[in-house]
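Undergrad: Have a look at this one before I ask anything.
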Amino acid sequence: MTKNRAFALVLCAAHRLFFCETFASAAEPPPPPLPYVPSGTQPPTSSPNPPASAPSAAPALEPSDASAAEEEVEESSKRPSLGLSPDAPQVGALPGGVMPSFGTLPTNVQDWRFDFHGLASLPLRAGINSRANPTPDQHKTVLHAPPAVPGDIGTFSYTGVIPEPWVQLNFSYGNPLVTMTVIVAARSVTAGAAFFDPPSQLGIDDAFLSFHVLDRARIHVKFDIGSYRNRYGTMGQYDTGRYGTPVIAAVSGTGETATASTSIGDFALVAEQGFFGQLAKAPTGLAPAMWNDFADPNVGSSFVAHLHAGVAYKDFAQLSLHGFSAWSQDDRATPNEQPDGSIDVAGVDARLTLGRFGHLYVGASRAAARHARTVSGVIRVLNALGGPGLISEYLGPNSAGNGRLTTVAAQYDLSLGTLLRYPVRFDGNGPDLFMSAFGLHTHVASDDPDFDGVDKFKFGVETTYSMLSWLSASGRYDRVIPRVGDSFKSFAILSPRVIFRSKWNAQDQIVLQYSHYLYGSQVLVRSGVPPIDDPTLQPDRDVVSLSGTMWW
């Protein structure tokens, strides 16, 4: 025996807990990936129909343990959900009908694990327009970034067709019983910005603790506690839909959400309750400015309570009911004997998961505002931020915050690859034609005569043909009618795209898009600080964008 060999054996005998265990584990093959189901959602996908999977860093499972874990995932995937999970990205559906899948399932209940997931979407955008009276030293063609087009996110005209910057990093630590999630997010990236805009750097956007206090095959009870947001009435199967707008309402603040579900035969029942407040209000005397996102000191401390209930049949159909009550009763925000405000929302939605025949969503809501001027963004209706958002976009400046919105919406998605290959399961590894049709209508009743009785309507279609593993061609058409009967304020958008990716079912895409706007003669866009409708600004008719997106 050589001296080197003897020395190695002595070291191994003396330190077998470190060296021998390390060498042995290094020789083992890596464990197979396990599917993952985010809390509160069905299994997400990275293309219309791929298998959800992600690499796992946990030790390899015994066959019986792996089978049990897979059965647990399958059971949890059948639980109906009433809203979109707070850890899902705060963006609408990506071009081509894809949505990121996040996470891995811990191998057993004793495991503690740190997980890091995220999404980054960074677009270069340019609106193309013409200068009215150029000098000899000026170009006739001008370029605008961001594009000067209608459709800010808090308005009815928002379509989501022009890509917006969004970076989200999800950090979580825990086990299947308890998990802390912290989400860092931004609507801009400093290196690509022309100036530093503090409100776009969201920082720690969400932080919440999730307790799975009861997790059995037939019953599940979960509590979320912390600062985060919940969205209800999401039109997509796994995302907020083509418009990136919850149809019922969204709530955000600090508080709790309790969710319980159980199964009875082929039926599943789910109930949810939540209560939110906010950490602070804008202090009296604060001047609204760009750096504080135009905070309004006359908006009071606000609270929202919400209840939901739903019933699902197998993996086929789900019907849900939603109720919200938001209010403010803050003497610091009600000068001159202004009444306390409230916003109440009731909604119902249904979704049909039709297997090879696609996915259908239909939802309706009714929002009633009463002196809503003081109600904060603890509640958002159609992306409008609390009472001031509703007054600005829907109810009118002379409404005193009183009025009602009645909204109906629908979206239908279909993969021809899944339909035509039936009964063979299509996993996304092949050519596909993915189609979507969507629309939303809102009727306004307001105490402001100029806004009372207004109907708003928008609709669109999108198709994506995945012809090669690395290449897809896509197109989308949107029509927006902010005031039915007034075609001068309406507009349409034609948006052809080319999508590149690294392979079938990739977690990345590069999208080159051209959008052409067809305007009525009275369409306005916003400018200035704060942004307001500017009749002197000619909207851009053409927009070119190049965006790179990855999720992990």
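Undergrad: In the list 294, 303, which residue meets the criterion of being farther than 23 Å from residue 368 by Cα, in the same structural domain as residue 268 (by TED's automatic domain parsing) and in contact (Cβ under 8 Å) with a residue 40 or more places away in the chain?
TA: Just one listed residue meets the conditions, 294.
Undergrad: Here's another thing I want to ask about it. So which of 128, 162 is assigned by TED's automatic domain parsing to the domain that holds residue 195, in contact with a Gly (Cβ under 8 Å, 6 or more places away or on another chain), surrounded by 14 or more Cβ atoms within 10 Å (Cβ to Cβ) and not small (Gly, Ala, Ser)?
TA: Result: 162 is the single residue among 128, 162 that is assigned by TED's automatic domain parsing to the domain that holds residue 195, in contact with a Gly (Cβ under 8 Å, 6 or more places away or on another chain), surrounded by 14 or more Cβ atoms within 10 Å (Cβ to Cβ) and not small (Gly, Ala, Ser).
Undergrad: Tell me which residues, restricted to the stretch 199-212, are surrounded by 13 or more Cβ atoms within 10 Å (Cβ to Cβ) and touching a strand residue (DSSP E or B) at 6+ places or on another chain (Cβ under 8 Å).
TA: 200, 201, 202, 205, 206, 207, 208, 209, 210, 211, 212 - these are the residues of the stretch 199-212 that are surrounded by 13 or more Cβ atoms within 10 Å (Cβ to Cβ) and touching a strand residue (DSSP E or B) at 6+ places or on another chain (Cβ under 8 Å).
Undergrad: Select from the stretch 408-422 the residues that are polar (S, T, N, Q) and under 15 Å from residue 350 (Cβ atoms) and list them in ascending order.
TA: Selection gives 411 alone.
Undergrad: Now for a separate question. Out of 266, 296, I need the residue that is modelled with pLDDT under 95 and either crowded, with 22+ Cβ neighbours inside 10 Å or more than 25 Å from residue 404 (Cβ to Cβ) (or both). Which one?
TA: 266
Undergrad: Among the residues of the stretch 112-134, write down those that are in a loop (DSSP other than H, G, I, E, B) and within 28 Å of the chain's Cα centre (by Cα).
TA: Correct list: 112 only.
Undergrad: Can you confirm whether residue 515 is modelled with pLDDT of 95 or more, farther than 16 Å from residue 93 by Cα and surrounded by 15 or more Cβ atoms within 10 Å (Cβ to Cβ)?
TA: Judged against the criteria, residue 515 is a match.
Undergrad: What's the number of the only condition in (1) among the basic types (Lys, Arg); (2) surrounded by 22 or more Cβ atoms within 10 Å (Cβ to Cβ); (3) without any contact (Cβ under 8 Å) to a residue 60 or more places away in the chain that residue 458 fails to meet?
TA: In the conditions (1) among the basic types (Lys, Arg); (2) surrounded by 22 or more Cβ atoms within 10 Å (Cβ to Cβ); (3) without any contact (Cβ under 8 Å) to a residue 60 or more places away in the chain, residue 458 misses (3) alone.
Undergrad: For the stretch 432-463, name all the residues that are closer than 27 Å to residue 420 by Cβ and in contact with a Pro (Cβ under 7 Å, 6 or more places away or on another chain).
TA: 432, 434
Undergrad: I would also like to ask the following. How about the stretch 475-552: which strands (runs of 3 or more DSSP E) wholly inside it have at least 1 residues that are in the same structural domain as residue 163 (by TED's automatic domain parsing), without any contact (Cβ under 8 Å) to a residue 24 or more places away in the chain and within 24 Å of the chain's Cα centre (by Cα)?
TA: 491-500
Undergrad: Also, quick follow-up: Of these, 417, 428, which one is at pLDDT below 95, buried (at least 19 other Cβ atoms within 10 Å of the Cβ), touching a Phe, Trp or Tyr at 6+ places or on another chain (Cβ under 7 Å) and not in a helix (DSSP H, G or I)?
TA: Criteria check complete, one pass: 428.
Undergrad: Name the strands (runs of 3 or more DSSP E) wholly within the stretch 139-249 that hold at least 2 residues that are out of contact with any Cys (no Cβ under 9 Å at 6 or more places or on another chain) and more than 24 Å from residue 547 (Cβ to Cβ)?
TA: Of the strands (runs of 3 or more DSSP E) lying wholly inside the stretch 139-249, those with at least 2 residues that are out of contact with any Cys (no Cβ under 9 Å at 6 or more places or on another chain) and more than 24 Å from residue 547 (Cβ to Cβ) span 166-174, 178-186, 203-215, 219-232.
Undergrad: If I ask for residues that are out of contact with any Lys or Arg (no Cβ under 9 Å at 6 or more places or on another chain), surrounded by 15 or more Cβ atoms within 10 Å (Cβ to Cβ) and not β-branched (Val, Ile, Thr), which ones from the stretch 481-512 would you list?
TA: Passing the criteria: 500, 501, 504, 505, 506.
Undergrad: Tell me, which strands (runs of 3 or more DSSP E) wholly within the stretch 289-391 include 3 or more residues that are among the hydrophobic types (A, V, I, L, M, F, W, C)?
TA: The qualifying strands (runs of 3 or more DSSP E) are 302-313, 317-328, 341-353, 359-370.
The values are calculated or read from the model by the stated rules, or taken from the named source; none is laboratory data. Everything quoted here is computed from the prediction, not taken from an experiment. Glycine also receives a Cβ, built like all others from the backbone with ideal geometry; neighbour counts cover every protein chain displayed.
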